[in-house]
Structures are given as C-alpha cells and as structure tokens.
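The next block holds one structure in the form of structure tokens; read it before the comments.
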Amino acid sequence: MTTFVVSLFLPYTIHFHDLPTPARQPSPPPVPRSLTEFGRQASANDIRSQKPSLLAPKTTATPPLTPAAKEHEEFFSRSNPSVAAHFSKLHPRTLVRSDSHVPEGGIAKDFNQPRSNAKAPPPDTILEYAKAQERADAMRSQMGRKVSPGRSRNLTKEHGSDPRWATDWTVVPAVQGNGGLSNAIRASVDSGVLSEVLTVGTIGFPTDVLDDAKKQDIHEKLESEHDALTVFVSDSDLDGHYTHYCKTILWPVFHYQIPDHPKSKAYEDHSWVYYVNLNQAFADKVIANYKRGDIIWIHDYHLCLVPAMIRKKLPDAQIGFYLHTAFPSSEVFRCLATRKELLEGMLGANLVAFQIPEYAHHFLQTCSRILSLEATPDGIQHDNHFINVWSVPIGIDPKALALARQEPDVLQWTQALQERYAGKRLIVARDKLDNIRGVRQKLLAFELFLNKYPQWREKVVLIQVAMSTTENHDLSETVSEIVTRIESVHSTLAHQPLVFLRQDIAFSQYLALLSVADALMITSLREGMNLTCHEYIVCQDGAASSKKHGPVILSEFTGSAALFGGAELGVNPWDYQQCAEAIKTALEMSEEEKARRYTKMLDIVMRSTGDTWTAKLSAHLAKVHEEHFMRDTMSVPRLNVNKLCQTYQKSETRLFLLDYEGTLAPFGSVTNTVLLNMDRVTDVLNDLIADGRNHVYVTSGRTLEEIEMLFGRVPGIGLIAENGCYLREMYTDEWIAFAEEEQTNKWKEAVKEILQYYCDRIEGSWVEERHASLTFHYGKSDMQEEARNRQAGDCATHINDACENQRVRAVPTKDSVIIEPMDWDKATAAAHIVKNTMKNRKPDFLFAAGNERDDEVVFRWAKDISEHGEIENVYTVQVGNRNTVAMSTLTQGSTGLLNVLKKLAKLT
C-alpha cells in the first residue's frame, strides 16, 4: 500500500551543469535516494536567501541601506563556511526550514535552470485589456501575421525545445516547497509511521525548452531512485496557475485580503483556465499510477480541484485533502468568482482537514452558504455521500531540530551573537515582507515602545529578518521610511535598537538567533500554523546555562495562537499600543512566569509533532473511508427478512420506530397521501398493534394536527411529531412537549423577521410555520437556481449566526431551509420512550426504519444502545439511496417496507 503525497513542488529539482549563468554556483553532490536521506541533506536550502520570481522575474529598486544596516547585513551574510563546504559537510539529521514554503518565485539562483517561455499575462484591468487588444490588432496589420493579445513584447521569437539543456544534470534537494510538510513526511518515514511514500509534484522550474526525451530521463530517474512522480506542465500553465491565480487570487483571499484582480477581464480570461489545467495534470498523474488500496493525500490551496478530479475516475479511492493555510469566513470566500468550483473540488475527498477548528468551521459554513449543503459538526452531506471535515495542527520535528542545533556552524554563530549583543535584550523576528506578515505593524509597535519607554532604548535590539518580495513597492517604501525614522531618532554611536535585514539568513544563523533571543515577535495579520514559533520554543531549551525560556509575542490571527491556549502573549497586530505593552511585558517578565509559560508551550510542541500529525491524519482518513464504505447504500447489506422474522418471534417486547413521509408512504401533501396511500399503511399498523408485545411509534416532521389526522384510524398508535419535539405515547391523547412554548415563540419571532427579508428577495418563496419549527420553502421560485440557492445559503448562515445562543439551527436541504431546535430530535424522543415510557418493560427487540437526514440520528442512537447491550436485538433500515449508518437497506422503498411489516404482523 503506497501513500501518495501530492503537493505543487517535489522535494527535488534539477541542476544543469554546462550552461553558464550569471549566478553560477558550485555543482552540488547527487541527491540522496530516499526521503530520509533527503531530510538529512536538505540543509543545502539553509544557506540560500530568498529566490527571484519563479516564472516572470522582475527587478525592483531596493531602498538604500544605512551604514549601520550595511554593517549588520554583512555580519549575518558572511558565509561560514562557504557554499561549497556546506554541500560537502552536511550533517545526517539537518532539516529543511519549516516555513520555507513556496517562494515568491522559484528559479533557484543557486542552480542552473531554464527560464520561462510563458506568454505575458493580460493587463490587470478591463480598460488596459481593451487597449492591449487594440495595440495587438494594429501590430498584426503592420506585420501581416497573427499576434496573440498581450504578447506584443515578444513577437519575434517562438520558443521550442533547446538542445543545450540536454547536457549533464544532477538531481538535487529543492529550495522551494512546503518545508513543514517535507519535514513531517521525513520524520514519519524515520519513525515508521509511513513506509511506502510516493511524492507527486513539479520539479520547480519551467520545462518547455526541454525535449520529450530529456523529460522522460528526468521522470525515470526521479521515480526509480527517489520515489517521486514528476508532473510536467507547460510554462504558461505553471506561470498562470502559480503566479497569476494562486498568488494573485487565492493566497490573498485565503488571508482575508480581497484583490482587485477577480473583478477584471484579465482574471476571467487568463488565470483560472491555467489553474484547472495544472490541477488536471496532477490528477491524471495520480490516476495513472494508482493501485487499489493506495492512499492519496493532496496538500494545499494550489491543488483544490484535484480531489474531485481523481474521485471522478477513482470513485472508491481513499482521498484526503489538507489545507496548510488559513480558510476565510464565508463572507470573504464568496468574493471568489470560482468559489463553487473550488469547494466542489475539495469535496471530492473523503476527509478535508484544516489546522484549527476555526478554519474547519469556516469551511462548513461556506459550503452551507454557497452550495446550500447540509453541514454538521462532522462534515458535509453532498448528494448521497458524506465528506468528513476535521482539524489537526501540523508540527515540527523536535528531535532533528535539537540535533541540528549541535552543528558546529550553529554553535559558532550562537557564540558570535552572544558576544556581539552582550548586555542587550534581543527580540527576533523573521517574516516575508508582504501585506500579510504584518512587518509594518510590528515596526510601528516597536517604534511606539521606544518612544513610550525610553529606559529601554539602550538595552533592547529588535532583529527583523525580512525576506524581500518584488510585488509590493508601496509596502517596501513604507517599511523603509519607518526603519529610517527609528534609526535616526533612537540610534547612537554605541547602540542601534533595530537591525533590519532585507535578506534571508543561513539556517545556522537562524537557529543561533532563535537560541540567543529573549523574545520572539510574530504579528501576522492572518496566517495558518506559524512553525517559526515552534522552532523558537525548541531552540530556547538549551543546556542548563543557556536556557532562555523567552516569551512568544504572537498574533491572535495565527493558527498557533489557538494551539497554545494563552501561554503566549497574544496581540492584535493592529493594536500598536497592545503590541508595545506586550514587548514591555516580555522584557520584564519574571523567570518563574517565563518558565511556566514555556513549559506549557513546549509540552504542546512536543505532543503536536510532524510525525504525530501524519499518524493522526492517516488514522482518521482510514477511519472515515471505512465509514464511507460502510455507509454507502451499495455496501450496506439488504435486510435479512428471514433472520428478522426468527428474532421477532423469539422476542417478548418489541419497539417499532417508523418514519412516515418517504418511508411508510411517498412524499406528498397530506390530502393526496391520505387519499392514495393510507389504507394499506393503516392496515399494516393496525395488524402490528394487535399484538400486545408490539409498541409502535410513527415519526414525522409534520405538525401534531397533521399527524393525528393521518393516523386517526390507527387506535393506540404512538406518534412523534416535528422531528422529536412532541411525543404522544400509545393509547393516550395527550402530547408531551419537549420544546418549551415560551422559548420557542421567542426565537420564532426573531427568525420570522429574517425569513421575511429573504422571502422578499426570492419571488415565490414562503414560510411554513409549525409548533416548534419553521421551514423556508423556495424550490418553486422562478428565480435562477444558482441565485436562489445562494440566497437560501445566506439565509441559513444568517439564522445560525443570529440564533446560536438560543439553541436553534438552520439546515439547508433541497429546495428548503429547516429551522429547528438543537436539543430535540427523533433520537431524544426515542430515548425518552425507552427510559421512561417502557422503563418497566424494556424492549428486547428494536426495529427502526427511515430514509432522510432526521432518521440518521435514530440510527446512530440505535447503534449506540446495541453496542452497549441495552437492547439485545436491533434492526435499523434505510429506505432510499442516501448514505447511511443503518445496518441494512430495503431497495423496494415504501412498498418493500410494508411487505416486511405485514409479514411480521402475521407471525404469532
């Protein structure tokens, strides 16, 4: 059994040896042959700074450095030892930097690799797009040949394969990719959690200039020697997918920043089609190599469509999807033009997993709102199958990190930093310089701290490592102004309170910096699991003489903040005053308080490691996949009528729980149902009740009055109305109301106002009021289906948000939204019957039949009491094609059920 680990980039790439490049580096040695060895050799990444753009490199003017900044930058950028020495002195347990992730671009300047031949993208706005088309048309007429719009800068050259790249090459560890994922997989292989792993991804550079033979050579070498499947896509697909859709559209939206791009003609015509193409290429690669029983794990927002694409061809495959970023609220996600396609793509998995419960909740809410699907705390009911939704945080590899800290380079840098900043208190930070990481907010808060607490000006140093990007010139200029202002106001000949490094640093320097720091400061405006703070916690626990136990100042908008549960100093990055006070608190915190907070965080980090993350995901996916298989109507066995009859005859006290609409009789209005179907139903029920050992209850979502009218000709029948809110015991005329009338009326009045708002927006919709529930019907509206479904989804979300404290929920179903109490359902009514009504004569036989979502709670309750031995013989039957937890099915529907009940009634 093989586990496919599918992510955008492989942990390997190719270095071509013979062609000279401006950034030529010494040739690295051959890459190791396994994931374990890859983890050991991956420290080659550690000595590389941030890379230029992957497919469309740009140049930007970097703000000039002050003399002090130059001095510090030279200090940190010293190569100790040289690049070549790093390649030759790799420790067997060094790591990939966990937050390396995918760089802003990707052609590694350390490697000799081709440049992109992708076409220039369309302009960002509709107006510029139209002008570009006009210019292209004019150039076509002048040059007498067809020119593609948006490609006027590259009219003279059509690219093809380049034989110069068919030279000597070597497989090397990649510098791009999800570092946290790579470390977790490597640790899982080392610990035995995973055995056979096959990674799937691209090799991280444009490949159009490579001929088919060279691509085949690379593919075969990676597959045979490194257990890696290479996905080759065109330069245009890779560039359009990553640079123009993922980074321009998805990444900002997932981090609560709405770009202008989705509103433009360029977005509609350009980037989405490339996103689809690349996802399809990944799906095709997995499908072609899949064997029955294999496990498929798809990672991150780059590949949201892949689960559904694979599911279409492999309906029984075990598929998991894990999102390594935040997932936004429905209000933000719905701004995406392709929101429906992205959600349906993710729902192709058996298990959709997130880092923290908040993101899982947002996903459930978004599916309910946008797709009008039934969302439960455990997942999504989609068509006739169920998709589990779960959360589990990814972690680091503390053991390997502890070993890496013992490297000579790390120890040398630790000593150098201690000597250089002797007597100073160090606050450290490492972030990408973009709009999401909150570097500007951090610098403003630090400036406020220095202004407000002048006694600390000569004692504290903030070392901010800022990996520069080429996308946001305004942010770079703003940050440069803040840095210059802090230096000019607070720096002296003897002290510089801010060290701002506009480059990444070597991994050895990074570990040393975390080891000597007195505090770590992370002010991300929105982020998933920030593993830098996890690494910081491990690095703070050195030898007895070097234990720092420094506090973590952490943005409350990171996934890690939810994990640490208050042991960190949580801050709102937009609250500069709070951030400044947090700096002061961290610097003045007592050793006892530091130790208390640190111990709690360290325990969490050691329990939430990379290999435990993998183990939990694997176990949960296996569990839900088995449940999905067991719940599929094609897998659930048919009801064994002969065995049922034998058990029925032997039992002394029997309880029947029979759903009415869709189970005993087809769906329809009360009047039509009475006229067409009730004669046979009432005859069968009367025959069952004639046996004094039988206790028969009919369950329904209808009102008390409707259910009484339907079964008035069955004397003594027990009734459960409005899905468990009301119960009428056998041989009585009194109803037991579980839902309190006063409380019910209170929430109904509030909900009616909300429903009226949506009734006005969906012509032809109406509200059905029952005693303890409301139903918003919109299925017969003439409005376009997508528009009315969107309004219904908004309605359900609105009610759930407004009425959460009143224990009321809104459940979207096909053509309606049901608003009902959370605390009462058919299962609670059934439990009341067993524990109270039949407490002196407990049943030894239970038969429950149903066909809809509100019957599944009865099936779960029946399964639970069966497993606990409360009732000896339990039969649950699904009458329909919905996936179910029932023990058996009846394919003949209502007719088949009535035949079975009639057969039982004839037995004595």
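Within the stretch 364-379, is there a residue that is in a helix (DSSP H, G or I) and without any contact (Cβ under 8 Å) to a residue 24 or more places away in the chain?
No, because not a single residue in the stretch 364-379 is in a helix (DSSP H, G or I) and without any contact (Cβ under 8 Å) to a residue 24 or more places away in the chain.
For the structure I just gave you, tell me whether LEU846 is part of a helix (DSSP H, G or I) and either surrounded by 22 or more Cβ atoms within 10 Å (Cβ to Cβ) or not hydroxyl-bearing (Ser, Thr, Tyr) (or both).
no
In this structure, does HIS382 turn out to be without any contact (Cβ under 8 Å) to a residue 12 or more places away in the chain and closer than 20 Å to ASN800 by Cα? Walk me through how you get there before you give the answer.
Details: without any contact (Cβ under 8 Å) to a residue 12 or more places away in the chain: no; closer than 20 Å to ASN800 by Cα: yes.
Answer is no for this residue.
Among the residues of the stretch 339-383, write down those that are polar (S, T, N, Q) and under 21 Å from ALA796 (Cα atoms). So that I can check it myself, show each step before the final result.
From the stretch 339-383, those polar (S, T, N, Q) are 350, 355, 365-366, 368, 372, 376, 381; that's our starting set.
Result: GLN365, THR366, SER368, SER372, THR376, GLN381.
Which one of ARG860, ARG809, ARG790 is basic (Lys, Arg) and part of a strand (DSSP E or B)? Lay out the reasoning, then the answer.
Details: ARG860 fails: part of a strand (DSSP E or B); ARG790 fails: part of a strand (DSSP E or B).
Sole residue among the options that is basic (Lys, Arg) and part of a strand (DSSP E or B): ARG809.
Of these, GLU568, GLU661, which one is of a type in the set (Asp, Glu), in contact (Cβ under 8 Å) with a residue 24 or more places away in the chain and touching a Leu at 6+ places or on another chain (Cβ under 7 Å)?
Testing whether each residue is of a type in the set (Asp, Glu), in contact (Cβ under 8 Å) with a residue 24 or more places away in the chain and touching a Leu at 6+ places or on another chain (Cβ under 7 Å) leaves just GLU568.
One line per residue, one yes/no per condition, for (1) modelled with pLDDT of 90 or more; (2) outside the structural domain of LYS247 (by TED's automatic domain parsing); (3) touching a Leu at 6+ places or on another chain (Cβ under 8 Å):
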site: GLN441; (1), (2), (3): yes, yes, yes
site: ALA445; (1), (2), (3): yes, yes, no
site: LYS452; (1), (2), (3): yes, yes, no
site: TRP456; (1), (2), (3): yes, yes, yes
site: VAL460; (1), (2), (3): yes, yes, yes
site: GLN464; (1), (2), (3): yes, yes, yes
site: THR469; (1), (2), (3): no, yes, yes
site: THR478; (1), (2), (3): yes, yes, no
site: GLU481; (1), (2), (3): yes, yes, no
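Looking only at residues that are part of a helix (DSSP H, G or I) and touching a strand residue (DSSP E or B) at 6+ places or on another chain (Cβ under 9 Å) in the stretch 755-773, which one is surrounded by the fewest Cβ atoms within 10 Å (Cβ to Cβ)?
Going through the qualifying residues, I end up with GLN756.
Which condition number does HIS620 fail, the rest of (1) touching a Ser or Thr at 6+ places or on another chain (Cβ under 7 Å); (2) part of a helix (DSSP H, G or I) being met?
Failing condition for HIS620: (1).
Only one of ALA849, ALA787, ALA830, ALA796 is out of contact with any Leu (no Cβ under 7 Å at 6 or more places or on another chain), among the hydrophobic types (A, V, I, L, M, F, W, C) and modelled with pLDDT of 85 or more. Can you tell me which?
Values: ALA849 fails: out of contact with any Leu (no Cβ under 7 Å at 6 or more places or on another chain); ALA787 fails: modelled with pLDDT of 85 or more; ALA830 fails: out of contact with any Leu (no Cβ under 7 Å at 6 or more places or on another chain).
Step by step, each of ALA849, ALA787, ALA830, ALA796 is checked, and only ALA796 is out of contact with any Leu (no Cβ under 7 Å at 6 or more places or on another chain), among the hydrophobic types (A, V, I, L, M, F, W, C) and modelled with pLDDT of 85 or more.
Conditions (1) surrounded by fewer than 21 Cβ atoms within 10 Å (Cβ to Cβ); (2) charged (D, E, K, R), marked per residue:
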{"position": "ALA174", "(1), (2)": "no, no"}
{"position": "SER191", "(1), (2)": "yes, no"}
{"position": "GLU196", "(1), (2)": "yes, yes"}
{"position": "THR202", "(1), (2)": "no, no"}
{"position": "LEU210", "(1), (2)": "no, no"}
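Of the residues that sit in the stretch 540-549 and are at pLDDT below 80 and in contact with a Ser or Thr (Cβ under 8 Å, 6 or more places away or on another chain), which one is surrounded by the most Cβ atoms within 10 Å (Cβ to Cβ)? Can you show your working first?
Within the stretch 540-549, the first condition is being at pLDDT below 80, and the residues that meet it are 542-547.
Subsequent filtering for residues that are in contact with a Ser or Thr (Cβ under 8 Å, 6 or more places away or on another chain) retains 542, 546.
Working: GLY542: 16, SER546: 12.
Step by step, filter the stretch 540-549, then rank; the result is GLY542.
At least 3 residues that are closer than 28 Å to GLN355 by Cα and not basic (Lys, Arg) in each: list the strands (runs of 3 or more DSSP E) lying fully within the stretch 441-543 that qualify. So that I can check it myself, show each step before the final result.
Working: elements: 460-467, 498-501, 519-522.
In the stretch 441-543, the matching strands (runs of 3 or more DSSP E) lie at 460-467, 519-522.
Restricting to the stretch 208-220, what's the tally of residues that are closer than 17 Å to ASP168 by Cβ and part of a loop (DSSP other than H, G, I, E, B)? Talk me through it step by step, then tell me what you get.
Taking the stretch 208-220 as the starting set, the residues that turn out to be closer than 17 Å to ASP168 by Cβ are 209-211, 213-218, 220.
Then keep just the ones that are part of a loop (DSSP other than H, G, I, E, B); that gives 209-211.
Residues meeting the conditions: 3.
Counting just the residues of the stretch 729-742 that are outside any helix (DSSP H, G or I) and within 45 Å of the chain's Cα centre (by Cα), which one comes out nearest to VAL858 (Cα to Cα)? Don't jump to the end; show me each part of the working.
So the first thing to find is which residues in the stretch 729-742 are outside any helix (DSSP H, G or I), and the list is 729-740.
Filter again for within 45 Å of the chain's Cα centre (by Cα), leaving 736-740.
Details: ILE736: 19, ALA737: 19, PHE738: 17, ALA739: 18, GLU740: 22 Å.
The qualifying residue nearest to VAL858 (Cα to Cα) is PHE738.
Would you check if ASP782 is exposed (fewer than 14 other Cβ atoms within 10 Å of the Cβ), under 36 Å from the mean Cα position of the chain (by Cα), part of a loop (DSSP other than H, G, I, E, B) and not small (Gly, Ala, Ser)? Walk me through how you get there before you give the answer.
Working: exposed (fewer than 14 other Cβ atoms within 10 Å of the Cβ): yes; under 36 Å from the mean Cα position of the chain (by Cα): yes; part of a loop (DSSP other than H, G, I, E, B): yes; not small (Gly, Ala, Ser): yes.
It is true that ASP782 is exposed (fewer than 14 other Cβ atoms within 10 Å of the Cβ), under 36 Å from the mean Cα position of the chain (by Cα), part of a loop (DSSP other than H, G, I, E, B) and not small (Gly, Ala, Ser).
Could you grab me the full set of residues in the stretch 550-565 that are assigned to a loop (DSSP other than H, G, I, E, B) and at pLDDT 90 or above? If you could, list the steps in order and put the result at the bottom.
Narrowing the stretch 550-565 to residues assigned to a loop (DSSP other than H, G, I, E, B): 550-551, 556-557, 565.
Once the filter is applied, which keeps residues that are assigned to a loop (DSSP other than H, G, I, E, B) and at pLDDT 90 or above, the stretch 550-565 yields GLY550, PRO551, GLU556, PHE557.
Hey, could you check the stretch 223-238 for residues that are of a type in the set (A, V, I, L, M, F, W, C) and in contact with a Leu (Cβ under 7 Å, 6 or more places away or on another chain) and say which is surrounded by the most Cβ atoms within 10 Å (Cβ to Cβ)?
Of all residues in the stretch 223-238, those of a type in the set (A, V, I, L, M, F, W, C) come to 228-229, 231-233, 238.
Keeping just the survivors that are in contact with a Leu (Cβ under 7 Å, 6 or more places away or on another chain) gives 228-229, 233, 238.
Numbers: ALA228: 24, LEU229: 20, VAL233: 21, LEU238: 28.
Selected residue: LEU238.
Which of the residues that make up the stretch 686-700 are touching a strand residue (DSSP E or B) at 6+ places or on another chain (Cβ under 6 Å) and not hydroxyl-bearing (Ser, Thr, Tyr)?
Correct list: LEU688, ILE689, ARG693, ASN694, HIS695, VAL696, VAL698.
Need pairs with beta-carbon distance below 8 Å; first residue closer than 13 Å to ALA317 by Cα and of a type in the set (Phe, Trp, Tyr) and within the stretch 614-629, second at pLDDT below 95 and not in a helix (DSSP H, G or I); sequence gap 6+ or separate chains.
If the second residue must be at pLDDT below 95 and not in a helix (DSSP H, G or I), the pairs left are PHE629/ASP316; PHE629/SER635.
Does THR895 fit the bill of being among the hydroxyl-bearing types (Ser, Thr, Tyr), at pLDDT below 90 and in a loop (DSSP other than H, G, I, E, B)?
Criteria not met by THR895.
Give the stretch 869-908 a look and list any residue that's of a type in the set (Ser, Thr, Tyr) and within 40 Å of the chain's Cα centre (by Cα), or say none. Let's see the steps before the verdict.
Step one: of the stretch 869-908, the residues of a type in the set (Ser, Thr, Tyr) are 875-876, 884, 888-889, 891, 894-895, 908.
Once the filter is applied, which keeps residues that are of a type in the set (Ser, Thr, Tyr) and within 40 Å of the chain's Cα centre (by Cα), the stretch 869-908 yields TYR875, THR876, THR884, SER888, THR889, THR891.
Only one of GLN509, GLN441, GLN455, GLN496 is crowded, with 22+ Cβ neighbours inside 10 Å and polar (S, T, N, Q); which?
Details: GLN441 fails: crowded, with 22+ Cβ neighbours inside 10 Å; GLN455 fails: crowded, with 22+ Cβ neighbours inside 10 Å; GLN496 fails: crowded, with 22+ Cβ neighbours inside 10 Å.
Going through GLN509, GLN441, GLN455, GLN496 in turn, the sole match is GLN509.
Can you tell me which residue within the stretch 360-378, out of those that are surrounded by 24 or more Cβ atoms within 10 Å (Cβ to Cβ) and not hydrophobic (A, V, I, L, M, F, W, C), is farthest from the chain's Cα centre (by Cα)?
Checking each candidate, the answer is SER372.
Within the stretch 373-400, track down each residue that is among the polar types (S, T, N, Q) and modelled with pLDDT under 85. Write out each step before concluding.
If we filter the stretch 373-400 for residues that are among the polar types (S, T, N, Q), which is where we start, we get 376, 381, 384, 388, 391.
If the condition is that a residue be among the polar types (S, T, N, Q) and modelled with pLDDT under 85, then THR376, GLN381, ASN384 are the ones that fit.
The values are calculated or read from the model by the stated rules, or taken from the named source; none is laboratory data. Source: prediction; values computed, not measured. Heads up, the Cβs are rebuilt from the backbone with ideal geometry, glycines too, and the neighbour counts pull from every protein chain shown.
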